[in-house]
Structures are given as structure tokens and as C-alpha cells.
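Have a look at the structure below, then the notes.
Computed from the coordinates by the stated procedures, all read-outs in this text should not be read as laboratory data. The model shown is predicted, which means the values in this text are computed figures rather than measured ones. Don't worry about glycine lacking a Cβ; one is built from the backbone with ideal geometry, like all the others, and counts go over all protein chains shown.
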Amino acid sequence: MARRPSTPIGVVIGTIAVLLVFVVFLLVFKDLNQKLWVQGMVGLILALIIAVILFSVVQSQIHVRGAALWGGVLGISGAALFYLLLLPRIKPFIFPAHSISGYVFYKTNGPQDPLIAVQGVTAVVPATGQKSAPTDATGSFIIGNVYEDASDLLFQHAGNTYPAKTSDHKDGRYAIIPQRPTEPPQTRRPVEVKWELVKTYKCDLMAEKGYVAAAGYQLTANLPRNEVEVGRNAKKLHVKASLAKEFGDLTQPNDLEPRTSNDFDESGDVPGRVLGWEWPDINLDRPNVKIALCVNRRKVDKVAGPDNFLTLYWYGVMR
């Protein structure tokens, strides 16, 4: 077997030295070593050094035909294994990781306004895709094991994404989520028209609950919007009817005109005492509304008359 010419040791050492000097240069400067492209380049250079060493060993020490080819295959394979398997394990020692943390709040109108924490926000490092767990009731988030000097963050909440820079929030307080809309105080006003007893209206008698009679009542009224509601373009019409306990229980709300209402209830409503209707999109300033309900009563209950119902209505922009 013919001995293949050896690769000059000085060339190999020189190549490795130049590459190592470049790696040290990139590692020394913090502004550089926290950039992803620098970290990728350092990994490639280290892999290249592995390839050069393996190729040189095979080229100079193995005396067979095709030694250069085998050296190239071994060098590339060794470099690939180093880059894929070993480098991720030693990366934390080469590039110390850090964490990004803070608190997410709703936007404020001025520095004097109190900060209100936002729950359920996910912070994301866009360059790496790393995410935090959703914020808790304090608005706290943390992203661990971040290698990059992540100056850009994305905050995901309720289907929306809000960008922010860490340099603009050095105190860790991110008041970036728009305030949730709130319903202005409504002017609830009485419906002046009285309920009418309709003997032909079919009501379900719930005898299993101890009721002995059921009667149907109907209300037909014109319910105009006031100036404030017109100005706010409030289109959600709400109607609520209540009845004192001595007259039995309200059941079976129904809409006769327009037939597009939803059952409407609020926190604190007592079943049987209050019924509510909501029309989500009323475009008329003075719509006509026709609704019906039933009153189930026991033996001790009185028969309700037109003056025993309290009916209120108002227009809003939210539920």
C-alpha cells in the first residue's frame, strides 16, 4: 500500500487556531454572544474544527486508497454528530441562559391610575418561539432558559397579540393590554303600559311543583331610546319584569314581536321573581314590543293584576 502524503501539521494547527480565536472573539463580547446568528456561527465553527481534526487524522495516519474520501466522510459525520447531539448539551456552559420575567397590566390613562393585573396572558420570545405559562391573578410571567438577548416580546391575550420591548419596560411592568370595555350606567325606566291577563294564552301548569293554577299575561308597548342611548348607538334592548312572591312564580317568558329575543338574567336575579328579555340588535328608535309570560301559583297565592307587575327597560351596547 502506498503511503499518502501527510497533511502539514502546521496548516492544521494554524487553521484551528484562527477558528478558535474567532470563536473567543465572539464569546467575549456580550452584545454579540447573545445574538442567535452568533451562537449559530460559533456552533458551526466548532463543528468545522471537529471536521478538520478528524479529516487530518485520517488523511495523515490511514494508509489506504481513498483515505482523503474516508477522512471527509468521517470529518463531516463527526461534525454533524457534534452539532446535533453534543452542542445542545454544552450550549448552557458556552452561552449562559437567563430568564425574562415581569407583570402584565391593563393600559392606564395616566401615571396616577392604579395598575390592574391581567390574567391569562402568554408572553412569547418571537426569535425563539419560547413561551411563558399564562399569567396568574397577579399578572406575573416568566420565560426561562433564554439564550438570546431578547429585546422584543409578544403578549398574547384573548386572540390578540401585543408587541413590547423590554427596554421600554425596565421595571418589568408591562401596562400594554387595552382595558376591557365596560357598559356605562344604564337608565332603567319603567314601562308605563300594563300587563293584560289573556285567558286564551296557553301556560304549562307545573303541578309537580305544587302549583294549582297558571295564567298567561301579555304586554304590548312602544319602547323608545332616549337621547343618550341614541348618541351611543345602543341597540341591545333589555326588558325585565318582576312580581312579588305573594302572587306566585313567573315562568315561560315568550316573545311575540319581534321574535328574536334571548332569555336575559343578571347576577342576583331570583328564579320565579324576575324574567328578562334581550334583543341583540334593534335598529328602530321606537320599536314595538309584544311579550308574554305565565304566572304559576299555589293555593295560598293571590291572582296578579295589571298593577302588580314591575317592568323596566333600557338599551345597552353590551350584555
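Couplings for the stretch 208-213, taken from phi via the Karplus curve 6.51 cos²θ - 1.76 cosθ + 1.60 with θ = phi - 60°, read 5, 9, x, 7, 10, 7 Hz in order; Gly and Pro are left as x. For GLY139, the residues whose amide H sits under 5 Å from its own are VAL118, ignoring neighbours fewer than 5 places away on the same chain, with H placed 1.01 Å from N. Once backbone amide H atoms are built at 1.01 Å from N, SER261 has no partners under 5 Å, excluding neighbours fewer than 5 places away on the same chain. Length gained on full extension, ARG273 to GLU227: 13.5 nm, using 0.36 nm per residue less the C-alpha separation. Once both labels are positioned 7 Å from their Cα atoms along Cα-to-Cβ, the gap between ASN288 and ASN145 label points is 7.0 nm. At full extension, THR161 and ARG188 could sit 6.0 nm farther apart than now, given 0.36 nm per residue minus the alpha carbon distance. Counting 0.36 nm for each residue step from LYS107 to LYS299 and taking away their Cα separation leaves a gain of 63.4 nm. For the pair ILE76 and ALA213, label points projected 7 Å from Cα toward Cβ lie 9.7 nm apart. Shown here for the stretch 121-193: trypsin sites (Lys or Arg not before Pro) in loop regions (DSSP other than H, G, I, E, B) with at most 11 other Cβ atoms within 10 Å, namely LYS170, ARG188. Net charge in the neighbourhood of ARG298 (other residues with Cβ under 11 Å of its Cβ; Lys, Arg +1, Asp, Glu -1) is +2.
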